[in-house]
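The values are calculated or read from the model by the stated rules, or taken from the named source; none is laboratory data. The model shown is predicted, which means the values in this text are computed figures rather than measured ones. Here the Cβ is made from the backbone with ideal geometry for all residues, glycine too, and neighbour counts use every protein chain on show.
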């Protein structure tokens, strides 16, 4: 698809805005939108409204939640040959990266993480889910920019005067480096008895 | 081994101090010391001096590093049926947990993470490595308490008036909850197309 | 979902009767009915009538079988991160447990096992199948209570004056212990050359 | 190695007697003795004396057990590309087969199974262990013929007037069929949602 | 299904002609047509016309390709418990076998391979794709016999006076031996440090 | 280790000559010699003399073979997170690449492949083996340059006036592209039912 050399994981920040409805969490959406031939993560801005059959999280279904926000910074990732267990560990690491990036860009904010969820002063900053298609591991992590409409107490990047685009680029860049350094790390050790 | 019901992952803070020389990073050390029958993580206090053949990290070997500290809070973990890739993602999540616990116990400290390494004001707080025995995944994460002797600019928990034992219990408790919630998370989602 | 500590595998005997039609062999049915957050096995009583598109076993489809019984003790299990090969070995072990439980509760019965099928005096006692959803391993094992309507020579628990509920609890308890002891067993051995 | 067509799993009853000391539980012992090119299980007769460094089971090491019997019917199996978890499930299935074969050859004997151990009237009939070499899954299951010297209350095939050789052939034949039928079973099902 | 002993992989050349439309690349088509109970590869003759929703290769979809030929020699394979990565390596090996068989049957032809595609004098000889069903790995490799209708410059077996049936038998036989010898190869080596 | 972006697989042709004795087939030899941080394949020139304990192939051990050649073009590859089964399929694909490269560089040579062995006019051109260290998959493929000393009828690149270095570069380049295109291929397909 691309002339350049093959890389393990590629990331792209999409120019267009897309409203996230849940149907975007499908295999090859990343490829479709960004022409990525390897594993990939895309970021884009847009509203969020997930309900009914598009809810992937059974806890949400059981408790009849809706996921709503006026504007979010969305990350959708797709890893191939990756188990659902490993994918969930990766998603939490991505949540840590979002936390770290926020702290780096706005000193003094205290972000707390509970699994794959982030909070600022007990107000919800993110939504996240990890699932699988028959051929790949998929995750969505949405960071509120403007949380209007959220069914819970929420907060967004706008509140902290953070530019969502700059923020998104920083997160993509960190996750890409993280994934590469994991590949390096597993190849640089002696085994033990 | 134990009368109580079987749990996926168990953690123990050892009463005894143990100097970490690298030879402790072996299969069944966790079982030996804590009688844990499942996956497990132990924490203990003790000096650190790893050199020569006990260095597992080939970058350290290539650059002839030694790992030294007068007093560290050590974590050794063992997961069975876990790949080296997943293990490295887990270790970084544990590093995030150490960072989060430090922030929670001493407000105002800014900890930065680079892969599995943590820093405070560019001074190294931790050492970490993940490898495998023929039957399991093993990791060591050491948090400086008193970094005297470290070959690089380093800092320890003592500097921040943090009780290493209390800190260790908090980290163990968070990692245990994290592992459980990962197991829950992978069982609560619908697949997608 | 539950206040108690996370356990690897949970089992529940459902109070309600459910007719088994084959559509129950789906991901998250165990969670739906029993609120189990880990791997799980449920037992319940009810009729059995599986035909046409709900037949999962292609040998049944090819030979135009139907699976019918007036009353069965059903077991439905769901394991995550488990291969179809391992799942089939587990199902045969569960069949062995059903055999052993029957022998323990009614001395003198000779039960023979052929793969995942059990027989008493050449009369069929059970039906069993193991398959996968995109996210999990699933199995069904049905023990005849009253085999009326079965298209082959069959026999049920009623014939042996065995209380199906008591029997079901015993099987669930044994399978749960078996799964736990397998986890223990794989963590207690030295590797060999 | 052999002229005949390749088969998934082969079994051989060795003509020679071999004393089992634990060192036989190693990769390619099955190949060495029986020239098997696939997965394989061999059976042979011989004494048993395992102690010290050859004990693979850490529970035995911790409790300073020895494994001793004057004459045993030994089974050593090697599966390639098989996890330690699946291997332990397989070993328990083999234990079930030993139980079933004993019941078939000597009506009226009540054999009970606890994990991979078999008992007759609370006397130990078997020893068993499953471990891994770097390239394969290995197990040993020993059935007492003459249990003299055993450190626990034990019983052997001799007591039931069972010919150990005939018994061994029957077990090998059943395990071979079981493994084949597992392969068939995982290829004959529709997936579910 | 079959009286004969179980074999790892079976192959069959179908007597009937079948037009390949893409819908044949589904789980259990091999079983349906050839009654194969293990992994299997079937060969058959027939036209080829794949378009729209039956295109599995997203590069074809993106570039609005159609796959057309008047007569092809088709191979459809199904491996269970096989990853998509391993499956793609296998498909390229099968392409190599097709190349080698052609060279053996018609001396002087120079066939070049680019991934899973074969060319003679820059004219396309084959089409190939590897994908997965929820339960298995599936591939299709079509060798042009009469390439009429192909949207690119193409060539077929007819041009080289090669009997497609004889050719198909030879390829099936070589792939079967290759798969068996891979199984042998992974069981005949010492591990290294 | 390297300034440039991380790549999945890297290859290097070593400037130094190294005699291959078998001990080079070990984890991290590729890293040691070429500083490769990912998966890697190195090529180098040198004699070959493998005997006794360094023979990894048990068929060679059983038949008391030695592997000897005055000058070979050696390839040593290391893949992490790769099974022994997939590794053996990869090695055969590499053998196909060696065959194809030879055909491309010297028109009219007919090379035949039998598993991972190549022959020209029934004379052996290559030796090959695939094994595993506890942390990785390793293979060696040696192409005779000057086969003097070989215990079987053999032939080398010198005979065909092929420059071994140029040849080695071409093979490395093709294998690298092959591995990349396999990664692309498994990410560009729709799943099927």
> Do we have any residue at all in segment C:21-29 that's in contact with a strand residue (DSSP E or B) (Cβ under 9 Å, 6 or more places away or on another chain) and modelled with pLDDT under 95?
Replying inline: no
>> What's the total number of residues in segment E:27-41 that are closer than 21 Å to residue D:6 by Cα and part of a loop (DSSP other than H, G, I, E, B)?
In response: 4
>> Within segment B:137-150, does at least one residue satisfy the condition of being more than 14 Å from chain C (Cβ to nearest Cβ), surrounded by fewer than 21 Cβ atoms within 10 Å (Cβ to Cβ) and touching a helix residue (DSSP H, G or I) at 6+ places or on another chain (Cβ under 6 Å)?
In response: yes
> Which members of segment C:52-71 meet the condition of being in a helix (DSSP H, G or I) and closer than 21 Å to residue C:148 by Cα?
Replying inline: C:52, C:54, C:60
> Taking segment F:72-94, which residues are out of contact with any strand residue (DSSP E or B) (no Cβ under 7 Å at 6 or more places or on another chain) and part of a strand (DSSP E or B)?
Replying inline: none
> Here is a list of conditions, (1) without any contact (Cβ under 8 Å) to a residue 60 or more places away in the chain; (2) in contact with a strand residue (DSSP E or B) (Cβ under 9 Å, 6 or more places away or on another chain); (3) within 14 Å of another protein chain (Cβ to nearest Cβ), and residue B:184 meets all of them except one; can you say which number that is?
Replying inline: (2)
> Does segment C:44-55 contain any residue that is under 30 Å from residue A:84 (Cα atoms) and touching a strand residue (DSSP E or B) at 6+ places or on another chain (Cβ under 8 Å)?
Replying inline: yes
> Say we look at segment D:1-15 and pick out the residues that are part of a loop (DSSP other than H, G, I, E, B) and under 18 Å from residue D:170 (Cα atoms); which of these is farthest from the chain's Cα centre (by Cα)?
Replying inline: D:15
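Residues are listed down the side, and each one gets a yes or a no for (1) within 11 Å of chain B (Cβ to nearest Cβ); (2) without any contact (Cβ under 8 Å) to a residue 12 or more places away in the chain; (3) crowded, with 17+ Cβ neighbours inside 10 Å; (4) in contact with a helix residue (DSSP H, G or I) (Cβ under 8 Å, 6 or more places away or on another chain):
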position	(1), (2), (3), (4)
C:17	no, no, no, no
C:24	no, no, yes, no
C:49	no, no, no, no
C:55	no, no, yes, yes
C:67	no, no, yes, yes
C:76	no, no, yes, yes
> Is it true that some residue in segment C:168-177 is within 14 Å of chain B (Cβ to nearest Cβ), free of Cβ contacts under 8 Å to residues at least 12 places away in the same chain and within 18 Å of the chain's Cα centre (by Cα)?
Replying inline: yes
> Here are some conditions: (1) surrounded by fewer than 18 Cβ atoms within 10 Å (Cβ to Cβ); (2) farther than 30 Å from residue D:133 by Cβ; (3) without any contact (Cβ under 8 Å) to a residue 24 or more places away in the chain. Residue F:115 meets all but one. Which one does it not meet?
Replying inline: (2)
